[in-house]
Amino acid sequence: MFFRIALGIYIVLRYNVQRPVRTRAQTRFDYQALAQFRYEIRRFINFSEQAARAAGVEPQQHQSLLAIKGLQDAQKATVGALAERLQIQHHSAVELANRLEARGLLRRMRSRADRREVLLALTPRGAKLLKELSLPHLVELRAAGTTLLQALQAVMRTAGHPRTSRRKVAHLRRNHRTSKSQDARE
């Protein structure tokens with residue numbers, strides 16, 4: 001299964017992406033720009049993890065609270081949505097929700113429209129904790145934002161411009177997600 005998907009991605013990329021010819025100096029710079037961007041992201045994530053632990057929660061618990069609170073109005077806060085937002089397996093999201101509920105930061109409730117559906121919501125205590133954690137994050141982003149943005153711009157400048165349409169990229173992502181879920185079932 002994986003081989004077929006990899007072959008399909010290779011074929012699409014081979015015939016639809018035109019790579020610019022690069023010199024050795026440009027290639028090295030690409031790695032430097034990408035490394036700098038990843039470093040800046042890692043610095044912010046490290047800050048976030050330390051702030052969460054200082055507030056008495058695990059980083060993934062903080063991310064869960066933020067993911068639930070930050071869902072768009074049209075999207076329901078379900079375990080599936082939480083798993084997608086955190087990019088974790090469904091059963092891991094269930095366990096995370098269990099731990100948050102046990103700490104009084106999250107509550108589960110049945111959907112009125114469909115009683116089979118379980119919705120997640122922050123408790124007042126969870127909302128207060130999220131607000132306390134979010135303010136320092138905004139301050140940190142304001143301080144580090146310029147550096148992070150410059151690193152991203154450097155990556156974008158040196159990334160080249162493959163002639164792959166957004167539709168093709170979306171198709172590749174969908175197929176990749178589908179293959180991951182199929183591989184997990186096998």
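The values are calculated or read from the model by the stated rules, or taken from the named source; none is laboratory data. Just so it is clear, the structure is predicted and the values come from calculations on it, not from any experiment. Cβ placement follows ideal geometry from the backbone for every residue including glycine, while neighbour counts extend to all protein chains displayed.
One residue stands out among those in segment 72-125 that are touching a helix residue (DSSP H, G or I) at 6+ places or on another chain (Cβ under 9 Å) and among the basic types (K, R): the one that is farthest from P59 (Cα to Cα), which is R108.
Of these, A74, A144, which one is surrounded by 14 or more Cβ atoms within 10 Å (Cβ to Cβ) and either hydrophobic (A, V, I, L, M, F, W, C) or outside the structural domain of Y31 (by TED's automatic domain parsing) (or both)? I'd like the intermediate steps shown before the answer.
Working: A74 fails: surrounded by 14 or more Cβ atoms within 10 Å (Cβ to Cβ).
Exactly one of A74, A144 is surrounded by 14 or more Cβ atoms within 10 Å (Cβ to Cβ) and either hydrophobic (A, V, I, L, M, F, W, C) or outside the structural domain of Y31 (by TED's automatic domain parsing) (or both), namely A144.
Tell me the residue from P124, P162 that is over 19 Å from the mean Cα position of the chain (by Cα), at pLDDT 95 or above and at negative phi, please. Exactly one residue qualifies, and that residue is P124.
Among the residues of segment 91-107, is there at least one that is modelled with pLDDT under 95 and within 25 Å of the chain's Cα centre (by Cα)?
Step one: list which residues in segment 91-107 are modelled with pLDDT under 95, which gives none.
Looking through segment 91-107, none of the residues is modelled with pLDDT under 95 and within 25 Å of the chain's Cα centre (by Cα).
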